[in-house]
1. Name the residue, out of Leu158, Leu171, Leu123, that is modelled with pLDDT under 80, under 17 Å from Leu76 (Cα atoms) and of a type outside the set (Val, Ile, Thr).
2. Check off (1) surrounded by 19 or more Cβ atoms within 10 Å (Cβ to Cβ); (2) under 25 Å from Phe27 (Cβ atoms) for Phe195 and give me the number that stays unchecked.
3. If Leu254 satisfies every condition in (1) at pLDDT below 85; (2) within 28 Å of Leu57 (Cβ to Cβ); (3) crowded, with 21+ Cβ neighbours inside 10 Å; (4) in contact with a Gly (Cβ under 8 Å, 6 or more places away or on another chain) but one, which is the exception?
4. Can you name every residue in segment 38-89 that is over 19 Å from Ser26 (Cα atoms), at pLDDT below 90 and buried (at least 21 other Cβ atoms within 10 Å of the Cβ)?
5. Looking at Ile269, Ile263 in this structure, which one is on the phi < 0 side of the Ramachandran plot, in a helix (DSSP H, G or I), in contact with a Leu (Cβ under 7 Å, 6 or more places away or on another chain) and not small (Gly, Ala, Ser)?
6. State yes or no: is Thr240 of a type in the set (Ser, Thr, Tyr), over 24 Å from Gln45 (Cβ atoms) and either touching a strand residue (DSSP E or B) at 6+ places or on another chain (Cβ under 7 Å) or modelled with pLDDT under 85 (or both)?
Amino acid sequence: MDGSAKRAVLIAHLALLGVALIYGASFLIAKNAMQGAVPPRAFIQFRVTGAALLFWLLFPVSGTDRIRRIPRKDVLRLLICAAFGVTTNQLFFFEGLKITTPVNASIMMVSGPIAVLIVGALLVKERITTEKLIGILMGAFGAFWLIYSGNEFDLSGLFGNDVSRGNFFVLINATSYATYLVLVKPLMSRYNALFVIRWVFTFGVFLVLPFGGPQIPNIPWELWNGPIIGSVLFVILGTTFLTYLGNIIALKTLHPATVGAYIYLQPLIASLLSLFFGGEQWSIHMLFGGGAIFAGVYFVSFYGRKRNA
């Protein structure tokens with residue numbers, strides 16, 4: 001691997017680290033906006049529309065490609081990517097989170113990298129190597145350890161009647177985004193990354209509109225204060241715009257399973273933020289779980305690359 005290739009890999013991993021940091025922070029920041037001030041589907045409409053506008057502002061640096069100049073099959077793939085990567089995953093996540101518990105939702109979310117490997121094996125015949133499987137299992141163990149440290153573990157509650165539908169929705173969300181990561185990869189090799197993500201979100205605006213649009217007139221604008229506005233702006237600019245941009249940059253260089261594996265950092269980051277800003281104490285559970293997460297990311301990304309070099 002030459003110097004430029006190593007630099008590209010480093011940039012991709014730094015982008016994914018930034019994505020994980022933003023997502024980890026969003027669990028704390030976005031909570032303000034969800035306390036009755038913004039209905040869930042209207043919130044999704046704001047996220048998608050705001051991010052689409054931001055990506056269009058980057059048009060001067062995203063190449064001269066036009067949607068009419070690409071094959072019809074690629075236009076269809078862009079539309080399908082919008083359906084899986086923008087519409088389905090966000091709608092099912094918010095609807096699922098509303099009727100399940102945060103702990104159960106977190107458990108279902110970390111199934112994302114496993115879904116990436118399975119979807120990749122089914123759709124594009126990707127081979128699931130021993131190293132990637134070990135990394136997935138180690139990362140999942142670390143995430144589960146962090147989620148359940150200090151909590152009562154009740155496996156029956158994971159699929160109990162009261163929360164089973166919510167768990168299923170969050171699982172659909174994780175699987176949907178995994179499908180998007182696999183389907184968008186070929187487009188990244190043929191077109192400018194900003195061109196791809198711009199059109200994915202543009203299609204997503206119209207796909208979300210039938211669900212989010214009707215809730216906008218019911219928004220209690222009188223509840224919008226500085227913190228609420230700041231939370232919404234953070235979700236649009238950070239959690240949606242910058243994270244999708246970071247993932248798209250990473251997909252130019254890294255395998256979709258590697259991109260998906262960084263989801264394991266989110267529980268660790270959320271725990272650290274709670275430690276510094278929520279007054280929680282360091283614990284052996286946090287250190288042990290964090291170590292397992294980093295080991296899992298190593299096996300999925302770096303170890304397999306060295307073995308194949």
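1. Residue meeting the stated conditions: Leu123.
2. (2)
3. Evaluating Leu254 over (1) at pLDDT below 85; (2) within 28 Å of Leu57 (Cβ to Cβ); (3) crowded, with 21+ Cβ neighbours inside 10 Å; (4) in contact with a Gly (Cβ under 8 Å, 6 or more places away or on another chain) leaves (4) as the failure.
4. The one that is over 19 Å from Ser26 (Cα atoms), at pLDDT below 90 and buried (at least 21 other Cβ atoms within 10 Å of the Cβ): Phe55.
5. None of the others qualify; the one that does is Ile269.
6. Answer is no for this residue.
The values are calculated or read from the model by the stated rules, or taken from the named source; none is laboratory data. Just so it is clear, the structure is predicted and the values come from calculations on it, not from any experiment. Note that each Cβ is placed from the backbone with ideal geometry, even for glycine, and that neighbours are counted across all protein chains shown.
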